[in-house]
Each structure stands twice: as structure tokens, then as C-alpha cells.
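The values are calculated or read from the model by the stated rules, or taken from the named source; none is laboratory data. Treat the numbers as computed from the prediction; the structure is a model and nothing was measured. Here the Cβ is made from the backbone with ideal geometry for all residues, glycine too, and neighbour counts use every protein chain on show. Accessible surface areas use protein heavy atoms only, side chains included; no ligands, DNA or RNA. Shrake-Rupley method; radii C 1.70, N 1.55, O 1.52, S 1.80 Å.
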Amino acid sequence: MGEAYYQYWAKSSDRGHHLLVYHGLDVCSVAQSWIDHNLPFARKLADRLSISLDTLKGLIGLFSALHDAGKFSVTFQNLCPDLLEKLQGRESRKDYTVRHDDLGWMLWECRLQSYVIEHLKEYGSITGRGESRVRNCLDVFARLAFGHHGRPTCEHTSNFDARFLKSDVEAALRYTNKLLEIHLCSESKTELAR
């Protein structure tokens, strides 16, 4: 378990805790199963978005696994100071004043979006209007993922550095990179990068 993203919890109770990476994969598994049981709907959605069914499945897998990425924030992690100490060996005085879904959108806008776009550029030429199209497509899925509590995410991105430590961002980027490897095959990446 050498990766830093294994040092973040997502769910906690008196019985123990569930790691963020595993919670993301649990939700992703449910989303993938839902797609497999609703293929006519998924095909219509893929056609509407002008992407292949495989690319749609990959994007849904990626963003369902990222839905709680805001929990990488030290402010969320500090809701359970004992777990922060146990998993990361640190203490914090940072308060949780912005909800984790809004923190997820903040992380997306400030770091993850450009990271994913740069990753996709390795598979094709994304420039000008093409980059705007890719950004808009990804933002639709990001808004759905980070709005998973039934309300739109807030548009604020102020005080990002007060809410995410450098190590939090690095763990989120490495997790995202692994998800890109798992959920978007090279054909899907090429399709998105056109």
C-alpha cells in the first residue's frame, strides 16, 4: 500500500473506517453495473454526446470514482483527528467549513481538470476550440459527480491552499492518474482528444 492515496479515509464509524480509494471504487462498481443493466439508455446518452459507449463507460467510471475527491482535503480529514494521525501521522487545526462536494469541485477546477486535459493531450491534438470542447465535456461529468448530494456545487475556489495541503493535491493527482489508466483505454483517450 505504498501510494499516498491510501492514507485518506472516506467513511468512519464506531466500527472503523473505510478508505477513500475503496469508497470511490465501490461507487464506481455500482455505476458500472447500472450501465450494464441499462444499455439502451447508455447507448442513447453516448450517441447524444457523440462518443462511443466505451468512452461513456470510462468517463462514468472515472467520475464516479472521483465523486468524493473533496475528501482529500485536510479540512475533511481533520473531522477525525485520530484517523488523520493514524493514517498520515500528522495533526491539523484546519476547520471543515466548506462541504466535501464543494471541495471536490474546487479541486477539480484548480488542479484536476488541467491535469486530465494534459493527460489527454498525449493521445491527440487538443488546442483552441478542441480544448474548450473537451473541458466542457469533462465539466458536465464533474458537475454530476461533485453534485452527488443533490445540489449544484458552489463556484468558489478561493482559499484553495488553505483547504488542500500540497500532499493532499499530490495524492489526489496520483489517484486520478491511476483512475485514468483503469477507466479510459487509449482508444477512448484518443477519441476525447480529437
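Brief remarks on what is shown
- If the condition is being open to solvent by less than 60 Å² (accessible area, probe 1.4 Å) and either modelled with pLDDT of 95 or more or of a type in the set (Phe, Trp, Tyr) (or both), then segment 117-138 contributes no residue at all.
- Subset of segment 80-108 [touching a strand residue (DSSP E or B) at 6+ places or on another chain (Cβ under 8 Å) and either free of Cβ contacts under 8 Å to residues at least 24 places away in the same chain or open to solvent by less than 30 Å² (accessible area, probe 1.4 Å) (or both)]: Cys80, Leu83
- For segment 155-194, filtered to residues that are at pLDDT below 85 and in contact with a Ser or Thr (Cβ under 9 Å, 6 or more places away or on another chain), the residue that is nearest to Lys71 (Cα to Cα) is Ala193.
- Considering segment 112-167, the qualifying helices (runs of 4 or more DSSP H), each wholly inside and each with 3 or more residues that are of a type in the set (Lys, Arg), run over 128-146.
- Taking the listed residues Phe160, Phe164, Phe141, Phe146, the one that is in contact with a Cys (Cβ under 6 Å, 6 or more places away or on another chain) and either buried (at least 16 other Cβ atoms within 10 Å of the Cβ) or among the hydroxyl-bearing types (Ser, Thr, Tyr) (or both) is Phe160, with no other qualifying.
- Residue within segment 9-23 that is assigned to a loop (DSSP other than H, G, I, E, B) and either acidic (Asp, Glu) or buried (at least 19 other Cβ atoms within 10 Å of the Cβ) (or both) present: yes
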